[in-house]
Amino acid sequence: MNASEVLPTQFNVAEHFVDRNVAEGRGASTAFLYADRTLTYADVQDLVNRAGNALLELGVGLEDRVLMICLDAPEFVGTFWGAIKIGAVPIPVNTLMRSADYLYFLNDSRAKVAVVSGPLLAEAAPALAEARYLEHVLIAGGPAGRFMSWEDRLFRASAQLAAAPTSRDEPAFWLYSSGSTGSPKGVVHLHHDMYVCAETYAKQVLGLRATDRVLSAAKLFFAYGLGNAGYFPMAVGAQSVLYPLRPQPESMFEQIARYRPTLFFGVPTLYAAMLAVKEAERRFDTSSLRLCVSAGEALPDELYARWRERFGVELIDGIGTTEILHIFLSNRPGAARPGSSGLPVPGYEAIVVDDEGRPVPPGEIGNLRVKGDSIMAYYWNKHEKTKETLFGPWIQTGDKYFQDKDGYFWFCGRADDMLKVGGIWVSPVEVEATLVRHAAVLEAAVVGKEDTDRLVKPKAFVVLKEPWKAGDALAGELKAFVKDKIAPYKYPRWIEFVGELPKTATGKIQRFKLRA
Ligand code: 3UK
């Protein structure tokens, strides 16, 4: 699909996903269910218009960035679409990050305004105080302290707002993506990108329609969750359940039983944890589900089979990336090839190429390249990384794949050392650098190791300054140390003390030897 053939040159994507629902007569239909509240499509439009006006009053203009440290709550929906509607550029970021990460996002993006959910203020506060270009901070859903209250500003703002006359091809929002080395990259997405994902994957693979109700364990700040629970339902006037807390296996079953969604989105690690809940099929009513989706890391065929057997609903695996915005290879409901990533989503093309970019024959492993019109425009201020990633209309995802005789794509690992843990990126380099900050550690190397569900988790090989101190107590201390210093989900689940690390002649750690 090519957006330039279906969308006018002047196109503001907030009009498409927000205002169109009201214009087409769905103003009174439920859009979001949040705690004990429901927001209709008219309520969403009101919220978005007020948020857009509140940002305008703070001096946010065309192309200005707005950093969002927001839970899955009304402030996310209002700020994201309100910013886009005035032609500004919202940047939702991972709410599991630490203050140093937030400071980087604020300075790298030069955000003028930050919107922060109350419960996240304590962690964000030092970054908000230090950020070089930040002018205003709005706190939503909690005491604002020395900052402004998001609700107060919205209450006073007008509910009338005309969309800025943006181009379909100008930046609409960014998402940050981390790499194995270097700082996170701002992935710049254009106004037409969300439209493309909704018209292709959401409508043609999921068959999403107005009678659906979605629940996503993946949060809105992930590209995955942003589609699932954000713009996919808004594309068709469906309903979305927003859950602001951490997705735990039991609480997810409770949400499913309480809200009765027709579609559920999760990552393999969560499905494995939900399958470990005893008697879940008897204790919780999951009969509302017509389809479940897995993405973020490969879904082992075993999990696919067990989920269908226990809950009587299909779980389809698909691969997406932040750079492509959503899923571009996917299994089809009723025609899955378990263990594979499926076939290209309508509107996308995929090929497997060697290191020179030449297509390889079926069965041979190579680099995955994808073409489709939701691919990012570029990485913000990372020109070299952009050139290594984009090849004309194609993008190289950094994944190793082969295609079988029938055209199905099979994931064979990453081309770099990056790990996907519970669907979220973990850079071994960052974990290693954190471990060596501990006084007892001389050197460390981190690799992925499969757990009993065949899902990858970080494992650290550690060389101690005083090797005789090795033991369970120190291993526990090192895990706690990492959890305390960087985003907690990155901590090594296993620690093995070794006398030395395998290295090349130039001193580079040979992670492949440790993986073996
Ligand atoms: C890996 C998978 C095997 C793969 C995402 C759905 O995960 C998403 O985006 P990220 O930028 O990570 C992208 C990378 O994750 N991966 C994702 N899904 C699968 N590997 N099988 C899968 N099914 O390495 C890929 O390059 O965090 C997922 C929708 C939108 C997304 N952005």
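The values are calculated or read from the model by the stated rules, or taken from the named source; none is laboratory data. From a predicted model like this one, the values you see are computed outputs, not experimental measurements. Positions of Cβ are generated from backbone atoms using ideal geometry, with glycine treated the same way; all protein chains shown enter the neighbour counts. The protein model used for the area step is the full one, side chains on, heavy atoms only, and it has no ligands, DNA or RNA in it. Shrake-Rupley method; radii C 1.70, N 1.55, O 1.52, S 1.80 Å.
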Give the relative contact order (percent, whole number) for the stretch 427-515; include only Cα pairs under 8 Å separated by 6+ residues. 29 percent
Fraction of alpha-carbon pairs in the stretch 387-446 farther than 15 Å apart, rounded to whole percent, equals 67 percent
About its Cα centre, the stretch 427-515 carries a charge dipole, from +1 on Lys and Arg Cβ atoms and -1 on Asp and Glu Cβ atoms, whose size in debye to the nearest 20 is 260 debye
Not counting ligands, DNA or RNA, and with a 1.4 Å probe, what is Tyr378's accessible surface area in Å² rounded to the nearest 10? 90 Å²
What are the radius of gyration and Dmax of the chain, computed over its Cα atoms and given in Å? 22.7, 72
The stretch 423-432 - phi-based ³J(HN,Hα) in whole Hz, Karplus 6.51/-1.76/1.60, Gly and Pro as x: x, 10, 5, 10, 8, x, 4, 5, 5, 4
Does the stretch 427-515 come out rounded, prolate or oblate, given a ≥ b ≥ c as the square roots of the eigenvalues of its C-alpha gyration tensor, rounded meaning a/c under 1.5 and, failing that, prolate meaning a/b above b/c? rounded
Kindly work out what percent of the DSSP beta bridges joining two residues of the stretch 427-515 are antiparallel, to the nearest 5. 70 percent
Rounded to the nearest 5, what is the percent of antiparallel bridges among the DSSP beta bridges in the stretch 256-363? 45 percent
Within 10 Å, Cβ to Cβ, of Asp317, how many net charges do the neighbouring residues add up to if Lys/Arg are +1 and Asp/Glu are -1? -1
For Gln510 and Glu356 in one chain, what is 0.36 nm times their gap in residues minus the Cα-Cα distance, to one decimal in nm? 53.0 nm
Would you work out which of Phe11, Pro458, Gly372 lies farthest towards the positive end of the dipole of the chain, given +1 charges on the beta-carbon of Lys and Arg and -1 on that of Asp and Glu, about the Cα centre? Pro458
Taking 7 Å along the Cα-to-C-beta vector as the label spot, tell me the Gln248-Asp484 distance in nanometres, rounded to one decimal. 2.4 nm
Cα gyration tensor of the stretch 338-484 - equivalent ellipsoid semi-axes, whole Å, descending: 37, 19, 13
Does anything in the stretch 98-125 have its amide N under 13 Å from the 7 Å Cα→Cβ label point of Glu135, and if so which residues? 111-114
For Arg258 and Ser158 in the same chain, what is the full-extension length gain: residue separation times 0.36 nm, less their Cα-Cα distance, in nm? 32.5 nm
In square angstrom, what is the accessible area per residue of the chain with a 1.4 angstrom probe? 40 Å²
List the GluC sites (Glu not before Pro) within the stretch 135-227 that fall in a DSSP loop (any state other than H, G, I, E or B) and whose Cβ has at most 12 other Cβ atoms within 10 Å. none
Could you tell me which GluC sites (Glu not before Pro) in the stretch 463-508 are loop residues by DSSP with no more than 13 other beta carbons within 10 angstrom of their beta carbon? Glu500
If contacts are Cα pairs under 8 angstrom and at least 6 residues apart, what is the relative contact order of the chain in percent? 11 percent
Points 7 angstrom from Cα along the Cβ direction at Thr38 and Lys387: gap in nanometres? 5.5 nm
Calculate how many DSSP beta bridges within the chain are antiparallel, expressed in % of all such bridges and rounded to the nearest 5. 60 percent
Extended-chain gain in nm, criterion 0.36 nm per residue less alpha-carbon gap, Arg437 and Asn107: 116.3 nm
Round to a whole number: what % of the accessible area of the chain belongs to carbon and sulfur, probe 1.4 Å? 51 percent
